[in-house]
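Worksheet for the structure shown next.
The values are calculated or read from the model by the stated rules, or taken from the named source; none is laboratory data. Being a predicted model, the structure only gives us computed values, none of them experimental. Note: ideal-geometry Cβ built from the backbone for every residue, glycine included; neighbour counts use all protein chains shown.
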Amino acid sequence: VNHLLGIKYLQPEDIDLIFKTADHFKEVINRPIKKVPSLRDITIANLFFENSTRTRLSFELAEKRLSADVINFSAASSSVKKGETLIDTVNNILSMKVDMVVMRHPNPGAGIFLSKHVNASIINAGDGAHEHPTQALLDSYSIREKLGEVQGKKVVIVGDILHSRVALSNIFALKLQGASVKVCGPKTLIPKHIESLGVEVEPDLKAALEWCDVANMLRVQNERMEISYFPSTREYIKQFGLNKKLLDSLNKEIVIMHPGPINRGVEITSDVADSDHAIILDQVQNGVAVRMAVIYLLASKIKQ
Ligand code: CP
(Lines give C-alpha, C1' and ligand atoms only; values in the text may rest on other atoms or scores of the structure.)
Protein backbone atom coordinates (compact mmCIF):
# COMPACT_ATOMS: atom_id res chain seq x y z
CA VAL A 1 0.00 0.00 0.00
CA ASN A 2 1.23 3.49 -0.81
CA HIS A 3 1.03 6.53 1.41
CA LEU A 4 1.91 10.22 1.60
CA LEU A 5 3.12 10.47 5.20
CA GLY A 6 5.69 13.24 4.82
CA ILE A 7 7.81 15.12 2.30
CA LYS A 8 10.88 13.46 3.79
CA TYR A 9 9.87 10.20 2.06
CA LEU A 10 9.69 11.82 -1.42
CA GLN A 11 12.25 12.22 -4.20
CA PRO A 12 12.49 15.28 -6.51
CA GLU A 13 10.92 13.25 -9.36
CA ASP A 14 7.87 12.48 -7.16
CA ILE A 15 7.30 16.23 -6.67
CA ASP A 16 7.75 16.80 -10.40
CA LEU A 17 5.13 14.15 -11.22
CA ILE A 18 2.67 15.56 -8.65
CA PHE A 19 3.07 19.07 -10.12
CA LYS A 20 2.63 17.93 -13.73
CA THR A 21 -0.49 15.99 -12.70
CA ALA A 22 -1.74 19.04 -10.75
CA ASP A 23 -1.24 21.22 -13.86
CA HIS A 24 -3.70 18.93 -15.66
CA PHE A 25 -6.24 19.01 -12.81
CA LYS A 26 -5.94 22.80 -12.45
CA GLU A 27 -7.01 23.05 -16.09
CA VAL A 28 -9.87 20.57 -15.42
CA ILE A 29 -11.29 22.48 -12.43
CA ASN A 30 -11.35 25.72 -14.42
CA ARG A 31 -13.68 24.13 -17.01
CA PRO A 32 -17.48 24.62 -16.76
CA ILE A 33 -17.73 20.91 -15.80
CA LYS A 34 -15.16 20.61 -13.04
CA LYS A 35 -15.39 16.85 -12.45
CA VAL A 36 -13.59 13.85 -13.94
CA PRO A 37 -14.78 10.24 -13.49
CA SER A 38 -11.27 8.90 -12.64
CA LEU A 39 -11.99 7.63 -9.08
CA ARG A 40 -15.60 6.38 -9.37
CA ASP A 41 -14.51 3.06 -7.80
CA ILE A 42 -12.56 4.55 -4.85
CA THR A 43 -13.90 5.39 -1.37
CA ILE A 44 -12.03 7.89 0.80
CA ALA A 45 -12.48 8.65 4.52
CA ASN A 46 -11.43 12.08 5.80
CA LEU A 47 -10.58 11.67 9.50
CA PHE A 48 -10.04 14.92 11.37
CA PHE A 49 -8.93 14.61 14.99
CA GLU A 50 -7.93 18.29 15.03
CA ASN A 51 -9.63 21.45 13.73
CA SER A 52 -9.28 22.46 10.11
CA THR A 53 -10.97 24.72 7.56
CA ARG A 54 -8.81 24.78 4.42
CA THR A 55 -7.30 21.29 4.46
CA ARG A 56 -10.54 19.45 5.24
CA LEU A 57 -12.62 21.30 2.64
CA SER A 58 -9.84 21.18 0.05
CA PHE A 59 -9.43 17.40 0.39
CA GLU A 60 -13.19 16.85 0.25
CA LEU A 61 -13.52 19.00 -2.85
CA ALA A 62 -10.52 17.32 -4.51
CA GLU A 63 -12.05 13.88 -3.84
CA LYS A 64 -15.46 14.95 -5.19
CA ARG A 65 -13.91 16.53 -8.30
CA LEU A 66 -12.32 13.09 -8.94
CA SER A 67 -15.74 11.39 -8.44
CA ALA A 68 -14.61 9.36 -5.39
CA ASP A 69 -17.14 8.38 -2.72
CA VAL A 70 -16.36 10.44 0.38
CA ILE A 71 -17.11 10.01 4.08
CA ASN A 72 -16.17 12.59 6.70
CA PHE A 73 -15.34 12.00 10.32
CA SER A 74 -14.72 14.61 12.99
CA ALA A 75 -13.34 13.29 16.29
CA ALA A 76 -15.20 15.93 18.30
CA SER A 77 -18.58 14.40 17.40
CA SER A 78 -17.52 10.73 17.34
CA SER A 79 -17.15 7.69 19.63
CA VAL A 80 -13.51 8.72 20.21
CA LYS A 81 -15.14 10.76 22.98
CA LYS A 82 -16.30 7.45 24.52
CA GLY A 83 -12.71 6.13 24.61
CA GLU A 84 -12.41 4.29 21.28
CA THR A 85 -8.77 3.95 20.13
CA LEU A 86 -7.37 5.31 16.85
CA ILE A 87 -6.81 1.82 15.41
CA ASP A 88 -10.30 0.61 16.40
CA THR A 89 -11.84 3.76 14.94
CA VAL A 90 -9.99 3.42 11.64
CA ASN A 91 -10.49 -0.36 11.32
CA ASN A 92 -14.25 0.08 11.86
CA ILE A 93 -14.31 2.69 9.11
CA LEU A 94 -12.16 0.51 6.81
CA SER A 95 -14.50 -2.47 7.30
CA MET A 96 -17.03 -0.39 5.35
CA LYS A 97 -14.70 -0.95 2.31
CA VAL A 98 -12.72 2.28 2.41
CA ASP A 99 -9.61 2.44 0.18
CA MET A 100 -7.89 5.60 1.38
CA VAL A 101 -7.68 7.58 4.62
CA VAL A 102 -6.85 11.29 4.85
CA MET A 103 -5.99 12.02 8.46
CA ARG A 104 -5.21 15.08 10.58
CA HIS A 105 -4.13 14.26 14.13
CA PRO A 106 -2.54 16.24 16.99
CA ASN A 107 0.14 13.57 17.60
CA PRO A 108 3.37 13.69 15.56
CA GLY A 109 3.79 10.39 13.70
CA ALA A 110 0.10 9.41 13.94
CA GLY A 111 -0.08 8.69 10.19
CA ILE A 112 3.12 6.62 10.27
CA PHE A 113 1.73 4.61 13.22
CA LEU A 114 -1.57 4.05 11.43
CA SER A 115 0.12 2.98 8.18
CA LYS A 116 1.73 0.06 10.07
CA HIS A 117 -1.57 -1.17 11.49
CA VAL A 118 -4.23 -0.77 8.80
CA ASN A 119 -4.59 -1.90 5.22
CA ALA A 120 -5.33 1.36 3.38
CA SER A 121 -3.48 4.21 1.73
CA ILE A 122 -2.86 6.99 4.26
CA ILE A 123 -2.44 10.69 3.43
CA ASN A 124 -1.11 12.85 6.26
CA ALA A 125 -3.20 16.04 6.47
CA GLY A 126 -1.05 17.36 9.37
CA ASP A 127 0.32 15.42 12.35
CA GLY A 128 1.02 17.65 15.34
CA ALA A 129 4.15 19.75 14.87
CA HIS A 130 5.66 17.12 12.53
CA GLU A 131 4.63 17.32 8.84
CA HIS A 132 1.90 18.76 6.59
CA PRO A 133 3.03 17.41 3.22
CA THR A 134 0.17 18.58 1.00
CA GLN A 135 0.54 22.14 2.39
CA ALA A 136 4.23 22.15 1.41
CA LEU A 137 3.39 20.76 -2.03
CA LEU A 138 0.76 23.42 -2.68
CA ASP A 139 3.16 26.10 -1.39
CA SER A 140 5.93 25.01 -3.77
CA TYR A 141 3.40 24.63 -6.59
CA SER A 142 2.30 28.23 -5.97
CA ILE A 143 5.93 29.50 -6.02
CA ARG A 144 6.49 27.59 -9.29
CA GLU A 145 3.32 29.17 -10.74
CA LYS A 146 4.31 32.70 -9.66
CA LEU A 147 8.08 32.63 -10.31
CA GLY A 148 8.43 29.92 -13.00
CA GLU A 149 10.43 27.47 -10.90
CA VAL A 150 11.42 26.70 -7.32
CA GLN A 151 15.04 25.78 -8.05
CA GLY A 152 17.42 28.62 -7.17
CA LYS A 153 14.77 30.70 -5.40
CA LYS A 154 15.43 32.19 -1.95
CA VAL A 155 12.66 31.51 0.56
CA VAL A 156 12.45 32.77 4.14
CA ILE A 157 10.03 31.12 6.56
CA VAL A 158 9.14 33.57 9.32
CA GLY A 159 7.61 32.96 12.75
CA ASP A 160 6.96 29.99 15.00
CA ILE A 161 9.21 27.41 13.35
CA LEU A 162 9.36 25.23 16.48
CA HIS A 163 5.67 24.25 16.49
CA SER A 164 5.12 24.32 12.73
CA ARG A 165 4.53 21.22 10.59
CA VAL A 166 4.20 23.64 7.66
CA ALA A 167 7.76 24.89 8.25
CA LEU A 168 9.29 21.39 8.43
CA SER A 169 7.48 20.08 5.34
CA ASN A 170 8.32 23.28 3.44
CA ILE A 171 12.00 23.00 4.37
CA PHE A 172 12.11 19.40 3.08
CA ALA A 173 10.21 20.27 -0.13
CA LEU A 174 12.15 23.44 -0.93
CA LYS A 175 15.55 21.83 -0.33
CA LEU A 176 14.57 18.82 -2.50
CA GLN A 177 13.81 21.23 -5.35
CA GLY A 178 17.06 23.20 -5.01
CA ALA A 179 15.80 26.36 -3.29
CA SER A 180 17.80 28.24 -0.61
CA VAL A 181 15.97 28.47 2.71
CA LYS A 182 16.36 30.72 5.74
CA VAL A 183 14.23 30.78 8.87
CA CYS A 184 13.54 33.91 10.92
CA GLY A 185 11.80 34.21 14.27
CA PRO A 186 12.29 34.51 18.02
CA LYS A 187 15.22 32.38 19.23
CA THR A 188 12.82 30.49 21.52
CA LEU A 189 10.68 29.48 18.51
CA ILE A 190 13.55 28.19 16.32
CA PRO A 191 14.41 24.48 16.88
CA LYS A 192 17.96 23.78 18.02
CA HIS A 193 20.17 22.23 15.29
CA ILE A 194 17.81 23.39 12.50
CA GLU A 195 20.96 24.12 10.44
CA SER A 196 21.38 20.34 10.09
CA LEU A 197 18.43 20.49 7.65
CA GLY A 198 20.47 22.78 5.38
CA VAL A 199 18.78 26.05 6.37
CA GLU A 200 20.27 29.24 7.83
CA VAL A 201 18.86 31.18 10.76
CA GLU A 202 18.44 34.95 10.16
CA PRO A 203 17.30 36.67 13.37
CA ASP A 204 16.63 40.05 11.71
CA LEU A 205 13.37 40.24 9.73
CA LYS A 206 14.41 43.18 7.54
CA ALA A 207 17.67 41.41 6.55
CA ALA A 208 15.70 38.22 5.80
CA LEU A 209 13.26 40.12 3.59
CA GLU A 210 16.08 41.97 1.77
CA TRP A 211 17.60 38.54 0.98
CA CYS A 212 14.54 36.59 -0.15
CA ASP A 213 12.36 36.17 -3.24
CA VAL A 214 9.53 34.69 -1.17
CA ALA A 215 8.50 35.22 2.48
CA ASN A 216 6.25 32.56 4.02
CA MET A 217 4.70 34.13 7.14
CA LEU A 218 3.60 31.66 9.85
CA ARG A 219 1.20 32.00 12.75
CA VAL A 220 2.39 31.73 16.36
CA GLN A 221 0.75 28.45 17.45
CA ASN A 222 -0.27 29.33 20.99
CA GLU A 223 -2.36 26.13 21.16
CA ARG A 224 0.82 24.01 21.01
CA MET A 225 2.68 25.93 23.74
CA GLU A 226 2.75 24.75 27.34
CA ILE A 227 4.67 27.85 28.43
CA SER A 228 4.99 31.31 26.95
CA TYR A 229 7.89 31.35 24.47
CA PHE A 230 7.95 35.06 23.83
CA PRO A 231 7.68 38.11 26.10
CA SER A 232 4.48 39.48 24.55
CA THR A 233 2.42 39.69 21.38
CA ARG A 234 3.32 43.39 21.17
CA GLU A 235 7.03 42.51 21.23
CA TYR A 236 6.48 39.80 18.58
CA ILE A 237 4.70 42.25 16.26
CA LYS A 238 7.49 44.79 16.68
CA GLN A 239 10.27 42.35 15.77
CA PHE A 240 8.65 39.78 13.47
CA GLY A 241 5.40 41.27 12.17
CA LEU A 242 5.29 42.13 8.46
CA ASN A 243 3.63 45.48 7.72
CA LYS A 244 3.30 47.73 4.67
CA LYS A 245 5.96 50.20 5.87
CA LEU A 246 8.53 47.41 6.16
CA LEU A 247 7.53 45.92 2.79
CA ASP A 248 7.76 49.36 1.10
CA SER A 249 11.20 49.96 2.63
CA LEU A 250 12.66 47.02 0.65
CA ASN A 251 14.39 47.84 -2.62
CA LYS A 252 12.64 44.96 -4.39
CA GLU A 253 9.40 43.07 -4.93
CA ILE A 254 8.88 39.91 -2.94
CA VAL A 255 6.13 37.29 -2.93
CA ILE A 256 4.21 36.97 0.35
CA MET A 257 2.74 33.62 1.39
CA HIS A 258 0.79 32.40 4.40
CA PRO A 259 -0.68 28.92 4.95
CA GLY A 260 -3.63 30.25 6.99
CA PRO A 261 -5.28 30.74 9.35
CA ILE A 262 -3.93 34.31 9.64
CA ASN A 263 -3.67 36.19 12.91
CA ARG A 264 -4.26 39.55 11.26
CA GLY A 265 -2.19 42.31 12.86
CA VAL A 266 0.25 39.87 14.47
CA GLU A 267 2.51 38.08 11.94
CA ILE A 268 1.09 40.12 9.04
CA THR A 269 -1.03 43.25 8.71
CA SER A 270 -4.19 43.24 6.60
CA ASP A 271 -2.82 45.76 4.09
CA VAL A 272 -0.01 43.28 3.26
CA ALA A 273 -2.13 40.09 3.45
CA ASP A 274 -4.71 41.59 1.08
CA SER A 275 -2.19 43.25 -1.26
CA ASP A 276 -1.05 42.22 -4.75
CA HIS A 277 2.22 40.99 -3.22
CA ALA A 278 0.35 38.20 -1.41
CA ILE A 279 -0.61 34.90 -3.09
CA ILE A 280 -2.46 33.55 -0.04
CA LEU A 281 -5.73 32.75 -1.82
CA ASP A 282 -3.84 31.38 -4.86
CA GLN A 283 -2.25 28.90 -2.43
CA VAL A 284 -5.72 27.81 -1.30
CA GLN A 285 -6.96 27.53 -4.87
CA ASN A 286 -3.92 25.48 -5.92
CA GLY A 287 -4.45 23.19 -2.92
CA VAL A 288 -7.43 21.53 -4.62
CA ALA A 289 -5.49 20.68 -7.82
CA VAL A 290 -2.42 19.51 -5.88
CA ARG A 291 -4.55 17.29 -3.61
CA MET A 292 -6.38 15.89 -6.65
CA ALA A 293 -2.96 14.98 -8.06
CA VAL A 294 -1.79 13.29 -4.84
CA ILE A 295 -5.04 11.31 -4.44
CA TYR A 296 -5.13 10.34 -8.14
CA LEU A 297 -1.50 9.10 -8.14
CA LEU A 298 -1.97 7.08 -4.93
CA ALA A 299 -5.31 5.66 -6.09
CA SER A 300 -3.80 4.54 -9.39
CA LYS A 301 -1.42 2.34 -7.34
CA ILE A 302 -4.35 0.91 -5.33
CA LYS A 303 -6.08 -0.04 -8.58
CA GLN A 304 -3.02 -1.89 -10.02
N1 CP B 1 -3.28 25.61 6.23
C2 CP B 1 -4.05 24.78 6.98
O3 CP B 1 -3.67 23.63 7.27
O4 CP B 1 -5.24 25.32 7.37
P5 CP B 1 -6.37 24.55 8.20
O6 CP B 1 -5.81 24.28 9.59
O7 CP B 1 -7.57 25.45 8.22
O8 CP B 1 -6.63 23.24 7.50
Problem set entry | Selection count where residues are free of Cβ contacts under 8 Å to residues at least 60 places away in the same chain and away from the ligand (no atom under 13 Å from the Cβ), scope the stretch 91-149 | 19
Seminar exercise, completed: Within the stretch 267-304, the residues that are outside any helix (DSSP H, G or I) and either of a type outside the set (Val, Ile, Thr) or away from the ligand (no atom under 16 Å from the Cβ) (or both) are GLU267, THR269, ASP274, SER275, ASP276, HIS277, ALA278, GLN304
Seminar exercise, completed: Condition set over 11 Å from LEU218 (Cβ atoms) and surrounded by 19 or more Cβ atoms within 10 Å (Cβ to Cβ), scope the stretch 255-266, selection farthest from the ligand (Cβ to nearest atom): answer is VAL255
Exercise. Can you name every residue in the stretch 224-239 that is surrounded by 10 or more Cβ atoms within 10 Å (Cβ to Cβ), of a type in the set (D, E, K, R) and at pLDDT below 90?
Worked result: ARG224
For this session: Only residues that are over 15 Å from ALA215 (Cβ atoms) and within 16 Å of the ligand (Cβ to nearest atom): list them for the stretch 154-200, please.
Result: HIS163, ARG165, LEU168, SER169, ALA173
Problem set entry | Hits in the stretch 180-195 (condition: within 20 Å of LEU242 (Cβ to Cβ) and touching a strand residue (DSSP E or B) at 6+ places or on another chain (Cβ under 8 Å)) | SER180, VAL181, LYS182, VAL183, CYS184, GLY185, ILE190
Problem set entry | Test set (1) in contact with a helix residue (DSSP H, G or I) (Cβ under 8 Å, 6 or more places away or on another chain); (2) within 18 Å of HIS258 (Cβ to Cβ); (3) surrounded by fewer than 21 Cβ atoms within 10 Å (Cβ to Cβ) - LEU147 fails condition number | (1)
Exercise. Here is a list of conditions, (1) in a helix (DSSP H, G or I); (2) in contact with a strand residue (DSSP E or B) (Cβ under 7 Å, 6 or more places away or on another chain), and ILE262 meets all of them except one; can you say which number that is?
Worked result: (1)
For this session: Answer yes or no: is there a residue in the stretch 40-48 that is of a type in the set (Lys, Arg) and surrounded by 19 or more Cβ atoms within 10 Å (Cβ to Cβ).
Result: no
